[in-house]
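Below: one structure, written as structure tokens.
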Amino acid sequence: MNTWTNEELRKIGSAEELEIAPLRDDGTLRNPVTIWVVRVGDGLYVRSWRGRTGAWFRHIQQRPEARIVAGGITKDVTLLDVSSDEALNNEIDAAYQSKYGKYGATYVPPMIAPQARATSRKLVVSDTH
């Protein structure tokens, strides 16, 4: 698999929001959904604040591939399940709190709650879809 460039990591990691368009079974793109993205080290991570019931998350359960747009970057990605890595999830929690804490108690707590942690996914650059 390809890797993120430092510039892509910087631009996507600092973008306020990310548009994610999961792929359908036939390879066409679903409508994009706006979500939050955080960077931890050389990785980019997303979660569903609605937990496993979020529409985009249900779609990537069927096919864990999507197109993302953030920070002027468009990439095809595979979403890898990292929800069982407790230490990484603690770092992802801290990244959400640091980056989005300005939104206060309404939005950040759901992003670090157990239901969201169960949806933690790492964005990995796809070779092709």
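The values are calculated or read from the model by the stated rules, or taken from the named source; none is laboratory data. Every value quoted in this text rests on a predicted model; they were computed, and no experiment measured them. Note that we place each Cβ from the backbone using ideal geometry, even for glycine, and neighbour counts take in every protein chain shown.
Annotations for the structure displayed:
- Inclusion of Val38 among residues that are within 18 Å of Tyr107 (Cα to Cα), touching a strand residue (DSSP E or B) at 6+ places or on another chain (Cβ under 6 Å) and buried (at least 22 other Cβ atoms within 10 Å of the Cβ) is warranted.
- Output for the range 100-120, where each listed residue is polar (S, T, N, Q) and either free of Cβ contacts under 8 Å to residues at least 12 places away in the same chain or in a helix (DSSP H, G or I) (or both): Thr106, Gln115
- Remark: Glu8 matches the filter, which requires a residue to be surrounded by 14 or more Cβ atoms within 10 Å (Cβ to Cβ), more than 13 Å from the chain's Cα centre (by Cα), within 22 Å of Asp127 (Cα to Cα) and touching a residue at least 12 places away in the same chain (Cβ under 8 Å).
- Asn31 vs. criteria surrounded by fewer than 20 Cβ atoms within 10 Å (Cβ to Cβ), more than 20 Å from Ala113 (Cα to Cα) and more than 13 Å from the chain's Cα centre (by Cα): yes
- Residue match in the range 70-78 (condition: at positive phi and touching a residue at least 60 places away in the same chain (Cβ under 8 Å)): yes
- For the range 81-129, the set of residues classified as at pLDDT 95 or above, surrounded by fewer than 14 Cβ atoms within 10 Å (Cβ to Cβ) and of a type in the set (A, V, I, L, M, F, W, C) consists of Ala87, Ala94, listed by residue number.
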